[in-house]
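Undergrad: A single structure is presented below for examination.
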Amino acid sequence: EAEVAQSPRYKITEKSQAVAFWCDPISGHATLYWYRQILGQGPELLVQFQDESVVDDSQLPKDRFSAERLKGVDSTLKIQPAELGDSAMYLCASSFDPHQETQYFGPGTRLLVL
Amino acid sequence: QQQVKQSPQSLIVQKGGISIINCAYENTAFDYFPWYQQFPGKGPALLIAIRPDVSEKKEGRFTISFNKSAKQFSLHIMDSQPGDSATYFCAASKEGAAGNKLTFGGGTRVLVKP
């Protein structure tokens, strides 16, 4: 069964350092989402891609976060500089197209900022 | 603004019992209401979903009850099993220009005791 792949699974970094997360969606899925899930809360959308284009980044803290999906397949989410409050699970999800209601989530990257 | 409120935050149920999780939403434009199940170390996975044109949907031991006038919906897990121990998230979405954007509740951690 096809799955969304994410790496690394765990990341520990120090405050003010740069960190990057990678996501490979299910093959053929044009829509890709990055979510942040703070411990004990539900996922919150950070950015949505349709192919290589950003269609919604209204909740992305653009002063420190950036995301790209250069070839419309895999994607990278970067934080620079990391802050203590960025400690969370970062989830990637994909769907066949933006109108498909089911989103398929990867296992996430758990980030701890010290 | 928390648009989807979920309760309780946690519950413990005996094997064979019924688990009930409730969600309330504010935005009457929402037209799709999924429940996601998340096991530790895994990303959320779609469990069951409902649209507001029906009041109930059942899939195996899982049932969604939907009350459009009250803007509430709930998940019932019948004959709860230890393998159902997980965190459950309700969500809501509405079709927009960028597709379906999911808004998640805060989650309910369910523990089924053998």
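Undergrad: So if the hydrodynamic radius of the protein assembly as shown is defined as the Kirkwood radius over C-alpha pairs, what does Stokes-Einstein give as its diffusion coefficient at 20 °C and 1.002 mPa s, in µm² per second?
TA: 118 µm²/s
Undergrad: Ok, one more. Hand me the GluC sites (Glu not before Pro) from the range A:60-114 located in a DSSP loop with no more than 12 other Cβ atoms within 10 Å, in residue order please.
TA: Those satisfying the criteria are A:E83.
Undergrad: Any idea what Rg and Dmax come out to for chain B if you just take the C-alpha atoms, in Å?
TA: So, for chain B, Rg and Dmax equal 13.7, 47 Å respectively.
Undergrad: Taking 1 over the mean of 1/r across every pair of different Cα atoms in chain A, what Kirkwood radius in Å do you get?
TA: 13.9 Å
Undergrad: Ok, one more. At a threshold of 8 angstrom on Cα-Cα distance, excluding pairs fewer than six apart, so keeping six or more, what relative contact order does the range B:36-97 reach in percent?
TA: On the way: 74 pairs, mean separation 19.2, N = 62.
Contact order relative to length: 31 percent.
Undergrad: Taking 0.36 nm per intervening residue step and subtracting the Cα-Cα distance, what contour gain separates A:A5 from A:S27 on full extension?
TA: Length gained between A:A5 and A:S27: 6.9 nm.
Undergrad: Take the eigenvalues of the Cα gyration tensor for the range A:49-114, scale each by 5, and report the square roots as semi-axes in whole Å, largest first.
TA: Semi-axes from the Cα gyration tensor: 23, 15, 10 Å.
Undergrad: Based on alpha-carbon centroids, what's the gap between the range B:41-60 and the range A:20-90 in Å, whole number please?
TA: 25 Å
Undergrad: For B:E59 and B:S7, what is the calculated FRET efficiency with R₀ set at 30 Å and r taken between the beta-carbons, to the nearest 0.05?
TA: That pair, B:E59 with B:S7, gives E of 0.85.
Undergrad: Next question, about the same structure. By how many nm would the segment from A:E83 to A:L39 grow when fully extended, if each residue of separation counts as 0.36 nm and the alpha-carbon distance is taken off?
TA: Using 0.36 nm per residue and subtracting the Cα-Cα distance, I get 14.3 nm.
Undergrad: Which whole-number percentage describes the relative contact order of the range A:62-114, with Cα contacts under 8 Å and a sequence gap of 6 or more? Before the final figure, lay out the partial values.
TA: Details: 64 pairs, mean separation 16.5, N = 53.
For the range A:62-114, the relative contact order is 31 percent.
Undergrad: Sequence gap at least 6, Cα distance under 8 Å: using those rules, report the relative contact order of chain A to the nearest whole percent.
TA: 37 percent
Undergrad: Turning to a different aspect of this structure: Efficiency by 1/(1 + (r/R0)^6): what FRET value for A:H99 and B:T28, r their Cβ-Cβ distance, R0 = 30 Å, to the nearest 0.05?
TA: After rounding to 0.05, the efficiency reads 0.90.
Undergrad: Can you give the FRET efficiency to the nearest 0.05 for A:A18 and B:I18, using r as the Cβ-Cβ distance and R₀ = 41 Å? Each step should come with its number before you reach the end.
TA: Details: r = 48 Å, r/R0 = 1.18.
The formula returns an efficiency of 0.25 here.
A short reminder: the numbers here are calculations on the coordinates, not readings from a lab. Note that the structure is predicted; figures quoted are calculated from it, not measured. Cβ: placed from backbone, ideal geometry, glycine included. Neighbour counts: every protein chain shown.
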